[in-house]
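The values are calculated or read from the model by the stated rules, or taken from the named source; none is laboratory data. Owing to the predicted nature of the structure, the values given are computational and were not obtained by experimental measurement. Backbone-built Cβ (ideal geometry, glycine too); neighbour counts: all protein chains shown.
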Amino acid sequence: MLISNVLKWELTPLGLGFSIRSLSSGQYLTIEAGIYNGVPIVASPYPVSWTVQIDVHHQETVQ
């Protein structure tokens, strides 16, 4: 069976949070420009730190 890395992500400690890197592209999740409600999330070659926490109502979900 072939297992694809297309939808797999690697979370690595970075500063006070985690970087989020795509295993398929090697790119990191970041925001397009500025911090505001609805800002696009894009891929970038540069890591940024994200705050990640378990959803208390759905233990299998992270926010």
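Of note:
- Segments classed as strands (runs of 3 or more DSSP E), wholly inside the range 11-63, with at least 3 members that are at pLDDT below 90 and exposed (fewer than 12 other Cβ atoms within 10 Å of the Cβ): 58-62
- Within the range 12-22, the set of residues being closer than 17 Å to I41 by Cα and touching a Lys or Arg at 6+ places or on another chain (Cβ under 8 Å) comprises S22 only.
- The residues of the range 1-10 that are at pLDDT below 90 and surrounded by 10 or more Cβ atoms within 10 Å (Cβ to Cβ), listed by number, are N5, K8, W9.
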